[in-house]
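The numbers here are math on the coordinates, done by the rules we state, and not lab data. Just so it is clear, the model here is predicted, and its values are computed rather than measured. Cβ placement follows ideal geometry from the backbone for every residue including glycine, while neighbour counts extend to all protein chains displayed.
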Amino acid sequence: MSRERILDAAVNRIAADGIDAVRIARIAMDAGVSTALVHYHFDTREALLAEALTHSFDRAGDIRTEGPQRLQDMIEQCLPLPGEQERDWVLWVELWLRAVRHPELRPTAAKLYERMHEWFREAIEEEFPNADAGATADRILALIDGYGVRALLGDPAVSLERAREEIWAGLAPVPAPH
């Protein structure tokens, strides 16, 4: 599974150094593969970033609980908690910044947001059958993004606990249109 080792190494290196500072040779060394193999799998750094984000998302989005605990676990998984989740947040910020300057990355950002939206929409439909699950998912994602960035930056006004509380306060489902 050299491709997975490359992606794991890329996730760690991009989060640590930023996509602009990442060198393919360093990712290859971290993964224990040749640079030629990295280039074989990924044509550009943008392609590597897109794949690394998708890889990171696939690992993070594997919540198997059900009922009200499922939404709680999902929100918890989306906070920039120390360790892997904080690293994943740095990847998201890298994507946001790159997609602003490199329009070819915008479809990747849209695809990942679509997957996240669907993930939340399904859980909201289960928990709140009379809600507009799509609108509620949009609200939750906006709250997660806003409070998450502030917590990631160490904003003294937004601790992880406050971010969690504010996101939960905003979970009140949007009523479905009649």
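The spread of Cα positions in region 8-47, taken along each principal axis and listed from longest to shortest, comes to 22, 20, 14 Å. With runs of 4+ DSSP H residues as the only contributors, calculate the mean residue ellipticity of the chain at 222 nm using -39,500 (n - 2.57) per run, divided by the residue total and rounded to the nearest 500. The helix-only estimate for the chain comes to -23000 deg cm²/dmol at 222 nm. From least to most packed, judged by other beta carbons within 10 angstrom and beginning with the fewest, HIS55, HIS41 follow the order HIS41, HIS55. Once the Cα-Cα distance is subtracted from the 0.36 nm per residue extended length, the HIS117 to SER2 segment shows a gain of 38.4 nm.
Relative to the dominant Cα principal axis of the chain, helix 160-169 is inclined by about 40°.
So what's the angle, to the nearest 10 degrees on a 0 to 90 scale, between helix 84-101 and the longest Cα principal axis of the chain? Approximately 80 degrees, to the nearest 10. Taking the C-alpha atoms only, the angle from helix 68-77 to the longest principal axis of the chain is near 40 degrees. With no solvent and one point per C-alpha, what does the Debye sum give as log10 I(q)/I(0) for the chain at q = 0.12, 0.20 Å⁻¹? Values returned for q = 0.12, 0.20 Å⁻¹ are -0.60, -1.31.
D for region 10-97, whole µm²/s, Stokes-Einstein with Kirkwood Rh over alpha-carbon pairs at 4 °C and 1.567 mPa s: what number? Once the numbers are plugged in, D ends up at 93 µm²/s.
Per-residue packing, averaged as other Cβ atoms within 10 Å, sorts the ranges 152-164, 113-125 into the order 113-125, 152-164, beginning with the highest.
Between ARG70, ARG13, ARG59, the Gaussian network model of the chain with springs among Cα atoms under 10 angstrom shows the greatest mean-square fluctuation at ARG59.
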